[in-house]
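The values are calculated or read from the model by the stated rules, or taken from the named source; none is laboratory data. Predicted model only: the values in this text are computed from it and were never measured. Note: ideal-geometry Cβ built from the backbone for every residue, glycine included; neighbour counts use all protein chains shown. Note: accessible area is taken over every heavy atom of the protein model, side chains too, but ligands, DNA and RNA are not part of it. Shrake-Rupley method; radii C 1.70, N 1.55, O 1.52, S 1.80 Å.
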Amino acid sequence: MTYRLTIAPFLLVLSAWAAPASAQPSATEGPVGGSPVGTEAKIEAAPRNFLFLGSGELRAHADLLRRPDIAGAQLVYSWKELEPEKGRYDFSGLERDLAVVRRAGKALFVQVQDRFFEARARNVPEYLLTEPEFAGGLAPQLDHPGEGSPVAAGWVAQQWNPGVRRRYQALLAALAQRFDGRIFGINLPETSADLVKDPAPPGFTCDAYVDAELENLAYARRVFKTSHVVQYVNFWPCEWENERGYMERTFRLAEQIGAGLGGPDIVPWQKHQMKNAYPFFGRYKGRLKLVAMAVQEPTLTYRNPQTGRPFTREEILAFARDYLGVNVIFWTPEAAWLQQSR
């Protein structure tokens, strides 16, 4: 309890700049807690910049973390590294990373990964793969890792299996007990899953998948009472242009329970995204608790069709701010503007 009290001012400062963009004052891109300048509320206030990193990568990018225009880091942890054995949680790596981030005066966002984009990456606890209750634990999926890139194989946890979902929610509860109020936010992975259909995953239906993912979002919001909760939403299996109402349901739920939404890619006006999540971000602009989106390595492969060149930082920022209403951008260190400063 004493620790919670010592960081309360830190969280209040973060909450102030995490409000919807339409409510933010014009602000500098200074460190977390920097004083805003100006008094007029402006939609054009810049989203805050976080680094997007895998667990174990933080120290290698300590120089970037210290930059005054970087507000924090988003670190991705696999289910397996957080729960190496059934019911035994190992948060030591997360604790070390949190200490590094806090010493730099920055904020930490945690992504809990239950899906993987390489054929050899089956990074869930072993018991999910072997105990009959979990029907194999993982289902094969295809990944589309950027413009012009070949399709790759991967895996997604069978969240539609009630047993798998209970174990995932137990992990979220354990994380909340330890880190709620100490981390700035937690995000659940993207909703997109291009599942291999021959044979069909055991027990999978489109409705069951959506129900499971939204149940996890609501559960995370319930156990994390202070830190932000964000669901990445880009596409839903079996749906295009909200034809089943899944996308509308997602945004409506997030608004109702005070959760945030986001996604793994900011690609201005990308045609497939414009048929799915992007228009809803535009429609719900200023209504969500937080909008946090990423510019990851695959995002950098997309080109502006008008110039034939990769999208510039300015083009990404303009679309994120003006159309999507983004508050936080998670940038890969491979982004040109971060590389140029090294």
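Looking at region 176-195, is at least one residue among the polar types (S, T, N, Q), more than 26 Å from residue 53 (Cα to Cα) and part of a loop (DSSP other than H, G, I, E, B)? Write out each step before concluding.
Here is the first cut: in region 176-195, the residues among the polar types (S, T, N, Q) are 177, 187, 191-192.
If we keep only those that are more than 26 Å from residue 53 (Cα to Cα) as well, we get none.
So far as region 176-195 goes, no, none of its residues is among the polar types (S, T, N, Q), more than 26 Å from residue 53 (Cα to Cα) and part of a loop (DSSP other than H, G, I, E, B).
Filtering region 194-213 to residues that are under 19 Å from residue 233 (Cα atoms) and exposed (fewer than 15 other Cβ atoms within 10 Å of the Cβ) leaves 205, 207.
Need the failing condition index for residue 144 against (1) surrounded by fewer than 16 Cβ atoms within 10 Å (Cβ to Cβ); (2) farther than 28 Å from residue 206 by Cα; (3) touching a strand residue (DSSP E or B) at 6+ places or on another chain (Cβ under 8 Å), just the number. Failing condition for residue 144: (2). Do we find that residue 286 is closer than 22 Å to residue 48 by Cα, under 18 Å from the mean Cα position of the chain (by Cα) and not aromatic (Phe, Trp, Tyr) in this structure? Against the criterion (closer than 22 Å to residue 48 by Cα, under 18 Å from the mean Cα position of the chain (by Cα) and not aromatic (Phe, Trp, Tyr)), residue 286 does not qualify. With respect to residue 223, determine if the residue is in contact with a Leu (Cβ under 8 Å, 6 or more places away or on another chain), surrounded by fewer than 21 Cβ atoms within 10 Å (Cβ to Cβ), farther than 18 Å from residue 259 by Cβ and of a type in the set (A, V, I, L, M). Taking the combined requirement at face value, the residue does not satisfy it. Give me a count of the residues in region 222-235 that are more than 14 Å from residue 183 (Cα to Cα) and not β-branched (Val, Ile, Thr). Number satisfying all stated conditions: 5.
The number of residues in region 219-243 being free of Cβ contacts under 8 Å to residues at least 40 places away in the same chain and either in contact with a Cys (Cβ under 9 Å, 6 or more places away or on another chain) or on the phi < 0 side of the Ramachandran plot (or both) comes to 6. Can you confirm whether residue 82 is out of contact with any Asp or Glu (no Cβ under 8 Å at 6 or more places or on another chain) and either buried (at least 16 other Cβ atoms within 10 Å of the Cβ) or among the acidic types (Asp, Glu) (or both)? In short, no. Can you say whether residue 333 is touching a His at 6+ places or on another chain (Cβ under 6 Å) and surrounded by 15 or more Cβ atoms within 10 Å (Cβ to Cβ), as far as the supplied structure shows? Criteria met by residue 333.
Evaluate the following for residue 166: is it over 18 Å from the mean Cα position of the chain (by Cα), open to solvent by 20 Å² or more (accessible area, probe 1.4 Å) and free of Cβ contacts under 8 Å to residues at least 40 places away in the same chain? The answer is yes for residue 166.
So that you can scan it fast, the table gives a plain yes or no per residue for (1) touching a residue at least 40 places away in the same chain (Cβ under 8 Å); (2) out of contact with any helix residue (DSSP H, G or I) (no Cβ under 7 Å at 6 or more places or on another chain):
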residue	(1), (2)
261	no, no
270	no, yes
286	yes, no
292	yes, yes
309	no, yes
314	no, yes
323	yes, no
328	yes, yes
338	yes, no
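Going through 99, 121, 153, 135 one at a time, which residue ends up being open to solvent by 10 Å² or more (accessible area, probe 1.4 Å), more than 18 Å from the chain's Cα centre (by Cα), in contact (Cβ under 8 Å) with a residue 24 or more places away in the chain and closer than 18 Å to residue 56 by Cβ?
121
Only one entry in 69, 90 is open to solvent by 50 Å² or more (accessible area, probe 1.4 Å) and not in a strand (DSSP E or B), namely 90.
Tell me, which helices (runs of 4 or more DSSP H) wholly within region 245-321 include 3 or more residues that are crowded, with 16+ Cβ neighbours inside 10 Å, touching a Lys or Arg at 6+ places or on another chain (Cβ under 9 Å) and of a type in the set (Lys, Arg)? Give the derivation first.
Details: elements: 246-257, 271-274, 278-283, 313-319.
Filter on region 245-321 gives an empty set.
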